[in-house]
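Scroll down for the structure; my scribbles are underneath it.
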Amino acid sequence: MDENTHTNETDNTDPANRGRPESKPLPTGRPGPGSRRELGIVNGAIEAIGARATGRKRLGVFATIGRAKRLFRGWLIYSATMMPFGDLSRQDTELCILRVAFLRGADYERDHHRVIGRRAGLSEAEIAAVDTWDHGFTGSRGAMLAVVDELVQNRDCTDETWAGLGPHFSEREKVGLVQLTTHYDGLATALHVLGTPADEQRR
């Protein structure tokens, strides 16, 4: 099979062929998105620009983390060094984020990054494939997603799985992969614990 391809063939006897991880109901009594007044002038303006750019009425991730004032701006810069300005290609970056969203049942991340992934050049088939247990990716992407799976599910990576990255990624890219994965895993936790609901589309 060619490098970086995937197949839709699945083995129905494989226990991995189970349903998508379920999203947990959001907890109540959590901060959730703040109003633009609560965010302040700077963070409120950033959230408003982000919402307009993404076609949402409000951008919940910004409106929630933006409550933390200075932390929010530092978080924005840190996040941008991984997406969209990370060491991995834009398409590989989006595949990793979508895989984290799948494994965590993180609908907020999935909703946003399906759109971003399309803009980055992922096909509908690739976006659908990474949202299944038996994604069928091979080559560098198969090795990359194997690491993502172990990091999210086990909080570690076996030597065998890590060795699979060797022929495909530089040491710098390997560091970027781990940081990207753990960042979006943590973000999935934060958005759930803080009670961030799905964004409404702007009409």
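The values are calculated or read from the model by the stated rules, or taken from the named source; none is laboratory data. For clarity, every value in this text was computed on a predicted model and none was experimentally measured. Note: ideal-geometry Cβ built from the backbone for every residue, glycine included; neighbour counts use all protein chains shown.
Some values worked out for this structure:
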| read-out | value |
| --- | --- |
| Complete set of residues in region 42-83 that are of a type in the set (A, V, I, L, M), in contact with an Asp or Glu (Cβ under 6 Å, 6 or more places away or on another chain) and part of a loop (DSSP other than H, G, I, E, B) | 59 |
| Residues that are acidic (Asp, Glu) and either free of Cβ contacts under 8 Å to residues at least 60 places away in the same chain or surrounded by 21 or more Cβ atoms within 10 Å (Cβ to Cβ) (or both), drawn from region 96-122 | 109 |
| Long-range neighbours under 9 Å by Cβ, at least six apart or interchain, first residue free of Cβ contacts under 8 Å to residues at least 12 places away in the same chain and among the β-branched types (Val, Ile, Thr) within region 154-176, second surrounded by 10 or more Cβ atoms within 10 Å (Cβ to Cβ) and not in a loop (DSSP other than H, G, I, E, B) | 158/150 |
| Some residue of region 56-74 being farther than 20 Å from residue 194 by Cβ and either free of Cβ contacts under 8 Å to residues at least 12 places away in the same chain or touching a strand residue (DSSP E or B) at 6+ places or on another chain (Cβ under 8 Å) (or both) | no |
| Residue in region 189-198 that is in contact with a Leu (Cβ under 7 Å, 6 or more places away or on another chain), assigned to a loop (DSSP other than H, G, I, E, B), exposed (fewer than 15 other Cβ atoms within 10 Å of the Cβ) and of a type outside the set (Ser, Thr, Tyr) present | yes |
| Every residue from region 169-186 that is in contact with an Asp or Glu (Cβ under 7 Å, 6 or more places away or on another chain) and either under 20 Å from residue 47 (Cβ atoms) or in a loop (DSSP other than H, G, I, E, B) (or both) | 184 |
| Number of positions in region 53-83 that are of a type in the set (Phe, Trp, Tyr) and either surrounded by fewer than 12 Cβ atoms within 10 Å (Cβ to Cβ) or in the same structural domain as residue 116 (by TED's automatic domain parsing) (or both) | 1 |
| Check on residue 116, modelled with pLDDT of 95 or more and under 24 Å from residue 32 (Cβ atoms) | yes |
| Condition met for residue 111 (within 30 Å of residue 28 (Cβ to Cβ) and not in a helix (DSSP H, G or I)) | no |
| Qualifying positions in region 23-41 - surrounded by fewer than 19 Cβ atoms within 10 Å (Cβ to Cβ) and not in a helix (DSSP H, G or I) | 23, 24, 25, 26, 27, 28, 29, 30, 31, 32, 35 |
| Any chance residue 125 is buried (at least 17 other Cβ atoms within 10 Å of the Cβ) and touching a strand residue (DSSP E or B) at 6+ places or on another chain (Cβ under 9 Å) | no |
| Of the criteria (1) under 14 Å from the mean Cα position of the chain (by Cα); (2) surrounded by fewer than 15 Cβ atoms within 10 Å (Cβ to Cβ), which one residue 202 fails | (1) |
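Each row is one residue, and each column tells you yes or no for (1) polar (S, T, N, Q); (2) more than 17 Å from residue 100 (Cα to Cα); (3) buried (at least 17 other Cβ atoms within 10 Å of the Cβ).
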site: 130; (1), (2), (3): no, no, yes
site: 133; (1), (2), (3): no, no, no
site: 137; (1), (2), (3): no, no, yes
site: 146; (1), (2), (3): no, no, yes
site: 152; (1), (2), (3): no, no, yes
site: 163; (1), (2), (3): no, yes, no
